[in-house]
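**Q** This is the structure I want to talk about, given as structure tokens.
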Amino acid sequence: MIDFGAVQQALDLLFGSFAPWLVVLPGLIIGLVFGSIPGLQISMAMAIFLPITLHMDFVMSMLFLTAIFTGGSFGGGVTAILMNIPGTSSALATAFDGYPMARQGKHNEALGLALGSSTFGCGLGYIVLFCLIQPISVMVLKLGPTEMFAVTVWGLTLIASLRGDHMSKGVVSGIFGLLLGTVGYNDLGIARGTMDIDILLDGIPAVPAMMGMFAASELFNLLNAKFIVEDEAQRKVSIPKVLSGFKTALRHPVINTRGSLIGILVGAVPGVGSSVSNLLSYMETRRRDKNPESYGNGNPKGVMASESANSSSEAGSMATLLALGIPGGGATAVMLAVFAMNNITGGPTFIRDQTDVVYAIIFANFGQVFLLAVIGLLLIPMLAAVVKVPVRLLVPVVMTLAIFGSYGLTGSMSGPYTVLTFSILGYFMKKHNYSVPGLVIGILLGKMAESELLHSFQISGGHISYALTRPVTLVIFVLLLLSIGYQPLLKFIKSRMGGK
Amino acid sequence: MNIRSRLPEIILAGLFLILSCWYLNDAYSASASTENLLLILPAAIVVICLCLWIIGRALYEIVKAGPDQADDEEEEKEKKSVSVFGAMSILAGFVLSMDWIGFDAATFLFMIALMFLQGERRPLWLSAFPAVFAILVSLFFEYMIPYPMQMLLGKEFLEKLI
């Protein structure tokens with residue numbers, strides 16, 4: 001599977017001159033900055049800096065763009081931890097435990113954990129990509145709507161895990177979110193729930209809704225506080241604590257490896273990617289933990305699970321881009337433009353004929369992982385200083401950024417209106433013990449779930465037995481059932497054996 | 001548990017119930033085909049049933065708890081939430097006015113109002129910080145995003161100012 005001749009050529013390409021590496025450092029910093037500002041997406045950063053790549057060769061262009069991608073994946077987690085704003089859907093699960101950690105004065109550790117797991121996830125992702133790029137791409141081609149629906153259902157089961165203290169309210173939140181996610185035109189061209197408002201025809205913008213539900217609603221709760229972290233002693237930015245968080249992340253290889261593998265597999269599925277992988281990884285880690293109730297209240301394992309998955313998704317999406325020429329999301333779509341600008345078509349022929357170039361891109365990403373760790377450790381102290389800003393300045397600043405960011409995401413006033421509506425809804429839901437994450441997950445997955453279910457229905461002609469003829473679907477559903485029933489089953493077996 | 005503390009919960013569950021019923025009806029009116037209602041119908045039914053259960057349980061607990069009693073803790077919370085409703089109104093004013101008076105001016109006014117609400121009274125902080133931040137954030141997004149933004153002063157004026 002590994003072409004060692006091409007490996008040698010790839011190393012020559014990368015280390016024959018220092019030039020390709022000159023663009024990696026600026027790329028990582030651009031990604032980190034764009035990822036850390038709510039509303040500025042990684043794909044936006046890549047699109048803005050795309051014209052610069054006209055003066056670069058193909059390998060150098062790809063290194064520059066993948067560096068932005070890598071930096072941005074980590075940057076999204078920074079705002080999720082410090083401000084409870086998951087600037088992208090891939091950092092949603094990071095906010096579940098990262099922000100509570102920050103409020104407990106453990107912001108240094110949380111950022112260190114996120115960096116450690118991001119580094120681990122990204123590194124492992126590219127190792128797997130190096131070894132298994134062709135099998136992964138073949139697997140992706142076998143996935144149809146039924147399999148995609150099964151993956152979505154898996155993501156939706158997280159709603160039940162995040163129900164909080166009230167099962168009924170948690171499920172209402174999640175399924176109501178699912179309904180909100182289906183507002184607008186469906187794949188049949190039928191518009192539902194739009195109230196004749198034009199901006200709703202495309203549906204409720206998911207990321208602005210997420211910003212409103214998490215960030216703005218939380219800021220209303222902060223109004224009467226002086227600082228995010230009340231205890232002055234804990235407000236300090238401490239590099240040893242950041243390093244301790246980083247080391248802690250590396251001491252949990254099982255959580256990181258599971259997260260990374262989920263990230264690669266789900267990240268490789270076009271259109272699903274990191275927005276689902278971080279939720280699946282979080283859910284699986286929570287389910288397998290002896291103390292699942294501690295999740296959502298600042299459990300470091302929650303941050304690790306999410307960050308390892310969303311970072312390794314990058315490698316998964318690169319697999320489909322390189323091996324099939326299919327972009328899995330906005331960021332890889334911009335990379336596809338670089339392919340076009342260099343008259344290269346991704347796919348099996350590209351992998352066969354230019355294996356050295358593919359390997360060079362993968363090896364360069366190993367280098368980026370180490371650079372990310374160094375740059376992250378240097379920049380985190382600066383980013384963590386947010387907790388020192390008084391709340392009376394922080395709240396208006398963050399709210400303004402969320403509103404501007406939502407405008408930047410949608411390109412119209414639908415973004416700010418969505419943030420406003422969902423911030424008020426989120427505040428009242430939180431106050432009355434409804435699950436805010438559940439509603440957000442529902443909105444995120446609603447459209448995808450309906451679309452895949454509809455396609456499955458059309459292909460099968462309405463026969464449920466069709467799912468039984470799809471081995472991958474069955475495997476996913478069996479894994480899903482096992483992941484749900486694993487712990488109760490283990491408890492049952494243990495009690496039976498203990499009884500004897 | 002008294003009726004005052006339970007009422008917002010009932011209203012919220014009622015809101016979900018009404019919205020789900022309306023959405024189901026709207027989707028059904030748009031098209032009664034199986035394909036259109038494949039996900040919406042079962043999902044809406046689950047939400048409707050659970051909302052009825054939540055409302056019913058809350059009403060039962062109100063009846064069981066008997067007449068209202070003054071709850072100091074609740075009253076304290078409500079006093080605290082005055083600023084929350086104020087902040088919500090200011091945010092609503094900001095969002096609804098930004099397309100009308102311009103992103104820069106709306107941001108400036110929003111910052112002043114929210115900082116004032118939170119107890120900031122130093123004149124320099126109340127004027128200089130919102131002005132500088134509003135200019136910087138407006139210019140930054142004006143340059144970074146490819147969509148036109150309504151501005152009171154305009155990019156050229158703000159650039160000259162800097």
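**Q** Identify the trypsin sites (Lys or Arg not before Pro) of the range A:116-213 meeting these criteria: DSSP loop state and at most 16 other C-beta atoms within 10 Å of the C-beta.
**A** On the way: sites: A:K142, A:R163, A:K169, A:R192; in loops: A:K142, A:R163.
For trypsin sites (Lys or Arg not before Pro) across the range A:116-213 that sit outside H, G, I, E and B with at most 16 neighbouring Cβ atoms in 10 Å, the list reads A:K142.
**Q** Based solely on C-alpha atoms, express the radius of gyration and the Dmax of the range A:396-492 in angstrom.
**A** Computed over the Cα atoms of the range A:396-492, radius of gyration and Dmax are 20.0, 55 Å.
**Q** Something else now. Just to be sure I understand the rule: take each whole DSSP H helix in chain A, project its Cα atoms onto its long axis, keep it if the span is 24 Å or more and its mean Kyte-Doolittle hydropathy is at least 0.5. Which ones pass? The partial results should precede the final answer.
**A** Numbers: long enough: A:58-83 (37 Å, 1.68); A:107-141 (41 Å, 1.35); A:300-324 (36 Å, 0.24); A:355-384 (41 Å, 2.01); A:391-410 (28 Å, 1.63); A:414-431 (25 Å, 0.44); A:436-460 (35 Å, 0.98); A:471-499 (38 Å, 1.26).
Helices meeting the criterion: A:58-83, A:107-141, A:355-384, A:391-410, A:436-460, A:471-499.
**Q** Only helices at least 24 Å long along their own axis, judged from Cα atoms, and with Kyte-Doolittle mean hydropathy of 0.0 or greater: name those in chain B from DSSP H.
**A** Details: long enough: B:3-30 (39 Å, 0.86); B:40-65 (37 Å, 1.96); B:72-101 (43 Å, 0.04); B:123-144 (31 Å, 1.64).
Span-like helices in chain B: B:3-30, B:40-65, B:72-101, B:123-144.
**Q** Take the residue pairs A:K169/A:K247; A:K290/A:K388; A:K226/A:K430 and return only those whose Cα atoms are more than 30 Å apart.
**A** A:K169/A:K247; A:K290/A:K388
**Q** Next question, about the same structure. Please compute the Kirkwood hydrodynamic radius of the range A:274-356 from all pairs of different C-alpha atoms, in Å with one decimal. Spell out each step's value before the answer.
**A** Working: mean 1/r = 0.0684 Å⁻¹.
Result for the range A:274-356 stands at 14.6 Å.
**Q** Compute from the Cα atoms of the range A:332-445 the Rg and the Dmax, the latter being the longest Cα-Cα distance, and quote both in angstrom.
**A** Cα-based Rg and Dmax for the range A:332-445 come out at 21.7, 60 Å.
**Q** Please compute the net charge surrounding A:L372, taking Lys and Arg as +1 and Asp and Glu as -1 over other residues with Cβ under 13 Å from its Cβ. Provide the component values of the computation, followed by the final result.
**A** On the way: positive: none; negative: A:E307, A:E314.
Neighbourhood net charge equals -2.
**Q** Pairs of Cα atoms under 8 Å, at least six residues apart: use those to get the relative contact order of the range A:9-121, whole percent. Mind dumping the intermediate values first?
**A** Working: 158 pairs, mean separation 28.4, N = 113.
Once divided by the residue count of the range A:9-121, the mean separation gives 25 percent.
**Q** Which net charge results for the neighbourhood of A:A110, defined as the other residues with beta-carbon distances under 15 angstrom from its beta-carbon, given Lys and Arg at +1 and Asp and Glu at -1?
**A** Details: positive: A:R103, A:K106, A:R235, A:K236, A:K241, A:K247, A:K301; negative: A:D97, A:E109, A:E307.
Taking every Cβ under 15 Å from that of A:A110, the sum is +4.
**Q** A:K388: net charge of surrounding residues, Cβ under 9 Å, Lys/Arg +1, Asp/Glu -1, itself excluded? Intermediate results must be reported in sequence, preceding the final value.
**A** Numbers: positive: A:R235, A:K236; negative: none.
Around A:K388, the charge tally is +2.
**Q** Now a separate question. Cα centroids of the range A:439-462 and the range A:245-307: how far apart, whole angstrom?
**A** After rounding, the separation between the Cα centres reads 24 Å.
**Q** Related question: Let me confirm one metric for peptide B:83-94, namely the mean number of other chain beta-carbon atoms within 10 Å of its residues' beta-carbons. The partial results should precede the final answer.
**A** Values: counts 3, 8, 3, 1, 10, 7, 0, 2, 14, 5, 0, 6.
The mean count of partner-chain Cβ atoms within 10 Å per residue comes to 5.
**Q** Further question on the same structure: Just want to confirm a number: the relative contact order over chain A, from Cα pairs under 8 angstrom separated by 6+ residues, in percent. Show your work: numbers first, answer last.
**A** Working: 949 pairs, mean separation 140.4, N = 500.
Answer for chain A is 28 percent.
**Q** Another question, if that's okay. If I histogram all Cα-Cα distances within chain A using bins 20 Å wide from 0, what percent of pairs lands in each bin?
**A** Using 20 Å bins, I get a P(r) of 24, 58, 18, 0 for chain A.
**Q** Provide the packing ranking of A:394-402, A:282-290, i.e. peptides ordered by the mean count of other C-beta atoms within 10 Å per residue, highest first. Provide the component values of the computation, followed by the final result.
**A** Working: A:394-402: 24.8, A:282-290: 20.7.
Peptide ranking by packing, descending: A:394-402, A:282-290.
**Q** When only C-alpha pairs under 8 Å and at least 6 residues apart count, what is the relative contact order of the range A:237-347, in percent?
**A** On the way: 159 pairs, mean separation 33.5, N = 111.
Value for the range A:237-347: 30 percent.
Laboratory data are not the source of any read-out in this text; all were calculated from the coordinates shown. What you are looking at is a predicted structure, and each value in this text was computed from that prediction instead of being measured. Cβ: placed from backbone, ideal geometry, glycine included. Neighbour counts: every protein chain shown.
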